[in-house]
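Read the structure below first, then the notes.
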There are 2 protein chains.
Amino acid sequence: MPDSHRDSGRINRRDLIIETATRLFSEQGYTATSVRQIAELVGCTEAALYYHFKDGKRALLQAVLECEMPKLTSIINGSENATSLQAAMKSIAMQMDVVGPERMAKMRWILGEFHRLSDEEKALFHESHLRMHHIIAQVLRPFVDSDEYASRLAWIFFAAGFGYGLLFWNLEMQDVANFSLHEFMETLIPLLVSRQPTP
Amino acid sequence: MPDSHRDSGRINRRDLIIETATRLFSEQGYTATSVRQIAELVGCTEAALYYHFKDGKRALLQAVLECEMPKLTSIINGSENATSLQAAMKSIAMQMDVVGPERMAKMRWILGEFHRLSDEEKALFHESHLRMHHIIAQVLRPFVDSDEYASRLAWIFFAAGFGYGLLFWNLEMQDVANFSLHEFMETLIPLLVSRQPTP
DNA sequence: GTCTATATTCGGATAGAC
DNA sequence: GTCTATCCGAATATAGAC
């Protein structure tokens with residue numbers, strides 16, 4: 001990977017292309033987005049785009065997938081020093097609200113495109129989500145009896161938050177049902193902290 | 001809508017087209033699927049397809065969306081006469097396992113395509129999911145103190161199951177993490193039944 | 001209802017000049 | 001690195017014969 005330096009305050013063209021492609025793929029889907037359209041929005045020609053991504057559209061997809069997968073874990077900021085299970089979960093839930101529509105759009109897109117990705121591309125997400133789960137489990141660990149239970153609780157919390165986001169933000173259920181993320185978490189978290197390992 | 005009768009055991013061609021389109025849209029996405037390909041699989045020409053759907057591909061999408069939205073609620077079969085909150089949830093969870101990859105694939109596809117649908121098309125799903133939530137809430141209602149709490153619990157249960165399905169089946173986390181739907185529910189349900197309205 | 005044939009537009013991709 | 005010009009295949013859609 002070549003150094004992606006900035007020249008005089010503007011990000012270089014290659015990065016701009018990736019950025020633009022990410023937006024368009026997320027909004028329209030991979031196949032529905034044409035190289036032509038990306039080039040237009042970037043402000044260059046298709047030929048220029050093929051200079052940066054020799055293998056064409058597919059290489060661009062690759063780059064988009066590899067890019068900005070990192071800060072998924074930033075969701076946990078500040079949760080490390082929570083003093084109770086309840087506080088830890090609340091802290092994570094707060095961060096979830098900040099994820100915002102931008103990242104959610106990309107998530108939604110990948111969800112739809114996932115089964116068509118190659119094994120290597122899939123592995124990227126598996127790794128990223130496992131890391132995410134692992135960090136949540138670590139944050140919860142001090143307040144439960146076993147690693148095993150921390151892991152389960154982390155999956156449940158992850159899945160519930162994920163499901164809420166998709167139902168209410170992605171499928172726009174918020175337009176027809178009154179249940180804010182805050183209310184959701186206010187109801188869920190007390191339930192999740194109510195018990196230790198299997199009764 | 002004209003009568004979709006069968007002629008001598010075979011479903012009529014219009015229905016066959018919808019069925020085929022549903023499969024292809026789910027697998028490849030709307031834009032990635034060509035009218036040509038649908039016609040080939042159906043075993044007719046594009047022209048024949050345009051006879052059945054005068055407004056072309058978009059009309060086909062419409063038909064696919066309107067079709068088979070019903071039996072979402074069949075998930076609740078047998079849960080009506082549960083004798084405890086725990087039993088009711090378990091019963092619903094069991095049915096979820098039966099939904100199978102076919103419906104899940106369509107769900108996944110719609111999730112990705114949703115934000116590009118028209119308001120009328122979106123309304124179809126809002127209605128369907130609200131009905132789903134409402135039925136779950138009704139099943140849970142006898143075992144909790146208020147309609148309000150039944151509603152919240154139903155959303156949580158819905159979102160958690162939804163999130164599990166997408167994470168483990170759709171994003172194929174089952175390949176890299178050991179957490180079966182059974183284990184998930186075995187852990188979640190006891191937590192959800194542990195308390196009544198806000199403490 | 002279904003076909004053949006065709007119009008037309010748009011897609012990804014490349015060659016070669018600058 | 002970026003452009004102009006171009007190739008070619010595939011897409012949606014329609015006309016008109018049977």
Original post:
Name the pairs: first residue in segment B:110-124 and among the basic types (Lys, Arg), second residue assigned to a helix (DSSP H, G or I), Cβ to Cβ under 9 Å, at least 6 apart or on different chains?
Top reply: B:Arg116/A:Glu27; B:Arg116/A:Gln28; B:Lys122/A:Asp175; B:Lys122/B:Phe114; B:Lys122/B:His115
**OP:** Restrict the check to segment A:39-53 and report whether at least one residue is under 20 Å from A:Gly112 (Cβ atoms) and assigned to a helix (DSSP H, G or I).
**Re:** no
Subject >> Hits in segment A:173-191 (condition: assigned to a helix (DSSP H, G or I) and within 8 Å of chain B (Cβ to nearest Cβ)) >> reply: A:Met173, A:Asp175, A:Glu183, A:Phe184, A:Glu186, A:Thr187, A:Leu188, A:Pro190, A:Leu191
Subject >> Hits in segment B:175-199 (condition: surrounded by fewer than 14 Cβ atoms within 10 Å (Cβ to Cβ) and either within 26 Å of A:Phe125 (Cα to Cα) or at pLDDT 95 or above (or both)) >> reply: B:Asp175, B:Asn178, B:Ser180, B:His182, B:Glu183
Subject >> Residues within segment B:13-34 that are more than 11 Å from DNA strand C (Cβ to nearest atom) and in contact (Cβ under 8 Å) with a residue 24 or more places away in the chain, tallied >> reply: 8
Subject >> Some residue of segment A:115-131 being out of contact with any strand residue (DSSP E or B) (no Cβ under 6 Å at 6 or more places or on another chain) and within 16 Å of DNA strand C (Cβ to nearest atom) >> reply: yes
**OP:** Scan segment A:162-172 for residues that are at the interface with chain B (Cβ under 7 Å from one of its Cβ atoms) and not aromatic (Phe, Trp, Tyr) and jot them down.
**Re:** A:Gly163, A:Leu166, A:Leu167, A:Asn170, A:Leu171, A:Glu172
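Which of the residues belonging to segment A:156-174 are free of Cβ contacts under 8 Å to residues at least 60 places away in the same chain and open to solvent by less than 10 Å² (accessible area, probe 1.4 Å)? Show your work before the answer.
Initially, segment A:156-174 is screened for residues free of Cβ contacts under 8 Å to residues at least 60 places away in the same chain, giving A:156, A:158-160, A:162-164, A:166-168, A:171-174.
Result: A:Ile156, A:Ala159, A:Ala160, A:Gly163, A:Tyr164, A:Leu166, A:Leu167, A:Phe168, A:Leu171, A:Met173.
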Subject >> Unique match (being modelled with pLDDT of 95 or more, within 13 Å of DNA strand C (Cβ to nearest atom) and within 25 Å of the chain's Cα centre (by Cα)) among B:Leu85, B:Leu41 >> reply: B:Leu41
Original post:
In the list A:Gln95, A:Gln138, A:Gln86, which residue meets the criterion of being within 12 Å of chain B (Cβ to nearest Cβ) and either in contact with a Leu (Cβ under 9 Å, 6 or more places away or on another chain) or in a helix (DSSP H, G or I) (or both)?
Top reply: A:Gln86
Original post:
Hey, among the residues in segment B:29-70 that are within 14 Å of chain A (Cβ to nearest Cβ) and out of contact with any Ser or Thr (no Cβ under 8 Å at 6 or more places or on another chain), which one's farthest from DNA strand D (Cβ to nearest atom)?
Top reply: B:Leu65
Subject >> Residues of segment B:92-102 that turn out to be without any contact (Cβ under 8 Å) to a residue 24 or more places away in the chain and open to solvent by less than 60 Å² (accessible area, probe 1.4 Å), as a count >> reply: 2
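The values are calculated or read from the model by the stated rules, or taken from the named source; none is laboratory data. A quick note: this is a predicted structure, and the numbers were derived from the prediction, not measured. We place every Cβ from the backbone using ideal geometry, glycine too, and count neighbours over all the protein chains shown. Calculation scope for accessible area: heavy atoms of the full protein, side chains included, ligands and nucleic acids excluded. Shrake-Rupley method; radii C 1.70, N 1.55, O 1.52, S 1.80 Å.
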